Structure formats: C-alpha cells, structure tokens
1. Straight-line reach only, C-alpha to C-alpha below 18 angstrom: list the aspartates and glutamates that A:LYS137 could link to, leaving out same-chain residues fewer than 8 apart.
2. B:GLU60's amide H: which non-local residues (gap 5+, or another chain) put their own amide H closer than 5 Å, with H modeled 1.01 Å from N in plane and none for Pro or chain starts?
3. How high is the relative contact order of chain A, in percent, counting Cα pairs under 8 Å that sit 6 or more residues apart?
4. On C-alpha positions alone, give me the angle between the axis of helix A:185-199 and the longest principal axis of chain A, in degrees, nearest 10.
5. Under the rule a/c < 1.5 gives rounded, and otherwise a/b versus b/c splits prolate from oblate, where does region B:33-175 land using the Cα gyration tensor?
6. Just tell me how shielded B:165-172 is by partners: mean number of partner chain Cβ atoms within 10 Å of each residue's Cβ, no decimals.
7. Rounded to a whole number, what is D in µm²/s for chain B from Stokes-Einstein with the Kirkwood radius over alpha-carbon pairs (25 °C, 0.890 mPa s)?
8. What's the FRET efficiency of A:GLU361 with A:GLU301 using the Cβ-Cβ distance as r and R₀ = 22 Å, to the nearest 0.05?
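Computed from the coordinates by the stated procedures, all read-outs in this text should not be read as laboratory data. As the structure is a computational prediction, the values presented were derived from the model and not from experiment. Cβ atoms come from the backbone with ideal geometry, glycine included; neighbour counts cover every protein chain shown.
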Amino acid sequence: MYIPPPSPPTRRALLRGALGLGTAAALSACGGGSTTPRTSGDVSLSLWTHDPGYEEFFVKGVPEADRATDFRYHLKVTRSGPPDIVTKLLAQAVAGRGTPDLVGFEIGSFPRMLRGDISERLLHDFTPDIEAVPGLKDDLLPARTAPFSKDGRVYAFDSDTPMVVYFHRHDLFDRYGLTDSMTTWEEFAEAGARVYRDHRASLCVVSTVGSDPGQVVQSFQMLLYQRGGAFFDADGNLLLDSPEAEEVLRFLCDGLRGGFVIDVSDYYGAAMQTALKQGRVIGLPMAIWYKNYGLVPNVPEQKGKWRVRALPRFAAGGGVTAALGGTGFGVVEDKANTRAATEFLFKTWLTHDGQVRRFTETGYLPTRRSVYDDPRLGAYEDEFCGGQRLFGLYRSLLPDVPAFHQSPDQSILYDVLAGNLLRAYRGALSPRQALRQTAADFRDQAGR
Amino acid sequence: MTTTATAPPGITHEHGGTGSTAHRPRKSWAPYLFISPFYLLYVLFMLVPVGVSLWLSLTEWVGLGTPRWVGLRNYRLLATDISFHRALGNTAVFVLVAVCVVVPLALFIAQALNTRGLRVRDLWRTAYFVPIVVSPILVALVFGLIFDRQFGLANAVLRALFGTGGVDWLGDPGWARVSIALVMLWRWTGYLTVFFLAGLQNVPRELYEAAALDGAGRLRTFTTVTLPALKPVTAFVVVTSFIGAAQIFEEPYLLTGGGPAESTLSVTMFIYRAAFQRQQFGYAAAAAVVLFVLVFGLSRLFNRLLGIGRATS
C-alpha cells in the first residue's frame, strides 16, 4: 500500500502555527484570577513583607480580625528583600496575576511606587476608608501618612513613628562631666571637642559607607529635618538647598574636624560595634528602633548603661526630634481580596489595641496620637536603657515629629547627595558647594 | 513478505525525473521538528529579549502600563548624562585593569606554577582558584572589613609597618577605584591562571629544548616560544576578560554601591539603577543597547586583531 509522504510545511502553515502559539501564550499570561470582590467567609490573604516581625504580628492578629469582620482569614506570607518586593510586585502586575493582597513597603523602596501612575493603578486608596472610621483621620499622625501619600491620597499605613532621639552612655557621660544642662547642639559640640581631646570619644556619628547612599544621607537627614529643613515638599519639589541644610552640614563638618563627630563606615556593622565596644562612640542621634537593631545586637553587655533623651536643639531654631525609617503596608487594588485585605489592615494594624500590641511585640511606636496615652505604654520600662520610662518622652516629642515627603526621584537625590556629603566631610567641598552641587546634579538627572 | 511502495503515476523519483517538480527533494516535517527546539529557544530567549530591549529603548516606561514612544530621546539624554559618562569612564578603567593587569599577572603566576619540580602544585593551583568560587557577598563582607578606614585591617597593617594608615579605601573616589581593582585582581587572577596553565602544559617540550640549544635565555625563551605558543589561549582570555570587565557589576555593587560620588559606578550598575531604583526602564534599555554595541564592536575588533578563529598554518 502506498503511504504518501507528509506534505512539507508551507510558510503560511508555519506562520499560522507561530501565531497560534503566541495567542495561546498571550491568553494564558493575561488570564488573571477572578476579581469579583469577596464580602465574607473564608479568605486567604497573600502577604508580602521583608520583616519576620511583621509576619508574626499579622499572624497573631488573625483571631482579632476574624472577630471584628465578616471574614475568616488565612495568611500566606512571602518574605523578600525590600527592593525585591517592589520589583516582584511590578513584575506580577505586568503579568496580570500573582500579585499579593497586602504588601509591606520599606520606606526607602516606596518612592519607586510614586513614579508615573504606578501607585494609582496598583494600590488601594485608603482616604475614603479613613474618613469612614469616626475620629481616625484626626488621630492618625499626618507626619506618618505623608511618606506613603501622593496627591492627598494615602496608599499605605506606616508601621512606626520612628522618632529620632539622642542615645548616650549614661555612665561615661557622668565620668566625662557631661551634664543634663547641655540643651543645644552647640553646647554638645563644645563639650564633645573636649571629650574627644581628653578621652578619644565622640558624641555624634556620621555614616560613610559607600555602598549604601541611604545610610550616608540618614546621618545628615536626621539633623536637617530636626533643624526644620527638608528634602522635598508635598509636591515632590526639591527643597534641599536651604540655609538650614547648610547650617547642619557645616555643623557636621566642623564636628568631624574637632572629633565631636566620628565617621563610621556603617551604623550596624563591625566598625560600629568596635567603636561602641571601645567607647569611641558614647552618644549618637538615631531613630528609636536603633536600640533593637544597632545597640542590643552589637553591645548587649552594655545593657543598663544607655539612656535616651530628646535631641539637643539647634540654637538657631528647629525642633527636638525628626523621623527616620518606617514601613508602610498597602493593599493591592482591584482584586477579589481588596476589601478583605483593607478590613484586615484596619482591624489589626490601626486599632488601639493593635498599636499597643505592635509596640510590645516589635518595639515600633504607635501612629495614632491617642495611643500614646495608654497606661500600659506609660508603665513600660526599658531594661536596656536602665529601666527608663520612655513614653513620657515620646509623648512630649510627638508635636515636633516632622512630615517626611517622598519623591519618585528620591533615589537620585540620595545618590548625588551621598557623594557630595562625603566630599564635604573630607573637606574637598565647602557645605555650600556640596549642597549647590547636589541640587545641580539632581536637576541634571531627575526626569530622564 | 516484503512490501514495496510503488510510486503512483505522475510521481517520479528525483533521480531520473525530467520535470521541474521531479527535481524537488522529498520533504517532511521531521528535520524541522528536530532543529526546532534550538530555534524556538533562540528566538524566545535571544532574539525576542534583544528586540524588546531595542524597542523599549525608544520608549518611556515606568514598569507598569503602556510604554510611551519617545523615539531617540533616551539616546540623546544619554549623550549629555554626566552620570552615564562617569559610568563609561569607570568601566573603561576596570577593563584596563582586567586586560592590562589581571591577564599579565595570571600569565606570570601560571608560568610560576608550571615550573618544573614545584612542590604541592595542586595546592597552589587550588589556592589561586578558590577566590572565584567564593560567594561575592562574602567577598564584599570581608573586603569591607579589610578596607574600613577607622578599624580595617589594611590601615592597621599600614600603621604597623609605616606609621601611617588613614587611607579612606572606600570613601575616597580614587582609592575606591583602587579597592575595586584590588578585589578584581584577587578574584579573577587565579581563575585566568588555570587557562594559562592548561596552555603552558600543552607547549611542546622540544621547542624549549631547541631554544636552549640555540642559547636562548629565560626571557628570550618566554618571548619566542611561550608567548607565541600561548597566543590562542591569550586571545581567549583577553576577550573574555574584556567582556567580563565591561559588564562588571558584583564588585562595585556590593563593595561601594557605585560610590562615592559615582566614582565606581559601572555601566551595568547604571542600567540596574535606572531600571530597578528609578523605574526608568526605557532609559535603562537605551544604556543597555549602548553597552551591547560597544562590547560587541570591541570584541569583534579584538577577535580580528588577535586572529581568533583563524586557521593557523
């Protein structure tokens, strides 16, 4: 029997095949899950975060949320590095599937979400939800909604009110004759120069770690915002080149020459640990979370020797604190679980008891003003800081916490500012030149 | 029983046929199916990404939504971007270090390791090769500690030996480049040494004997016997080192983050920064296209100059 040979593929057949494959691939890629909103019952929320502390907090909050809502929550947690969370979120959003319901944005990664219309397209706007809860709008600290807002819309709720305070070695301050009567940075600088001369110890730190511009900038940022300066306004316009910024940078540069300020490669690593252990650093301005992430891991043996106080003021003006850090939790928009995730966040993250629990479990300060009056927090004694009752101090600092507005071009500013700060610290540029150069470099690169 | 397929009338075999259709070879799906995996993968993972990069470089895209066509605007901006020029300059420095320092040093070490009668040769070989298999994260951590200005090992040694040790290895733009170069040297020299060593072991011993009979000294033997014999290996090592250094990322990213003041920013870091820190995907794609063209063009030039792939007589 004759079996005819298979006919050769024609060009048209090949093209048709390729088109079919492409269409199938495109259809399978575009097919997302159902977006019919869930309104009650079992719901499995996908949570992305970089910090196991948050994971633990939310997992423990499930029973509380179950009681307060019509949902029965199950959490599926994925942990990843802070920048990777944004990258993966965008990749999944482009793919049209696999996005999380609840996302934790480390504050330094959130500016990427502000570029173009990413936040509008991808994140749920909490503004109407806030207004729907009586008293919440006035109770939430605007200083901590500002970093995660755009055009007046709130896209994430901060994990902390990371006030900047002054950490110091109580024992060494006594020994070196540094008294509580010093209330201004200028007095600190004068006494600090003497302490450095006599004891080789410094009262302030700047980071010079080249691989992390964010850290280099932080040293300057804390004092700049305390002094009343800022990087950006609410519309994302650059405000850096200001008399306050010049004053702060000059203060740090002079401090470095006199030894009052020491440059350490980074706040968390071996160099800082050595400086702390050797008593080369006996005081520094830093956010309150630094106790848990910098001091306790590096110098646990110094427990009881450290104290916390408000930042000294600048003689020329400004407040007694700043804010540094934070992580905002947002909800992905237009998903079946958007409503469930929003309610979960409101019933765990934002309740009075939730904020108290957040402090006791993670050490992060409340973002609602009224919670600072809770007697449980007022009675809290910090063992590492010699049993200090810190909430009285935190309450007194609250009115001075400045708003921190972010810009999509923030990473550009950090890159150029870090380099110019280092040049100013070394004396290669004057503070004025460094700031002008930064502003010029920023304008050259922003918006490309 | 044997079955023979007989062609029906009108169909002739290619041998002996006279019509135009008769000469057409018999075709089937089979060969296409056999070669299709390669072409499918090649198209999917090579041509499509390259094409998309090229198209993306002509758009403005934040990573979500529809890219906006901007024509050659990204390329025009790159031409005036000081940051990109710095990245090109830094990358050129790293390429020079790789080609002009690392490669000769690797050859020198290979020559030393090839010395007759060298004891524990394998131990030396392993010792030189180890840095390339160490995780870059660990490398950055260790060298970060070594190069710390206040408390680092390098300055401690300098202080102990010379009484001075205030070098800001990672904080001063000039020294930061030197630090990156030192790490490149540490990581890559041993790896390239292995290639040269393999080449040296294949040089016929008779050539050295003939050179010795002719009264050639060590230097003369090296330049007239060893180097010509190693030409194919050298060409390969130079081109791969060039390509590797032109795309250097790990060392500056982990050790200096491209700083201070962009003094160690490489082109690949520039691309990464634009795409994944600034959400400027179109701009990043344009920089990637420029890097691709430069690396491809210069590699072709090296290939031609060094005669790679040319038959030796």
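1. Hits, sequence-local ones excluded: A:ASP125, A:ASP129, A:ASP151, A:ASP158, A:ASP160, A:GLU343, A:ASP353, A:ASP373.
2. B:ARG68, B:TRP69, B:VAL70
3. Across chain A, relative contact order equals 24 percent.
4. 70
5. Verdict is oblate for region B:33-175.
6. For peptide B:165-172, the averaged partner shielding equals 4.
7. Roughly 101 µm²/s, to the nearest whole number.
8. Taking R0 as 22 Å, the efficiency between A:GLU361 and A:GLU301 is 0.30.
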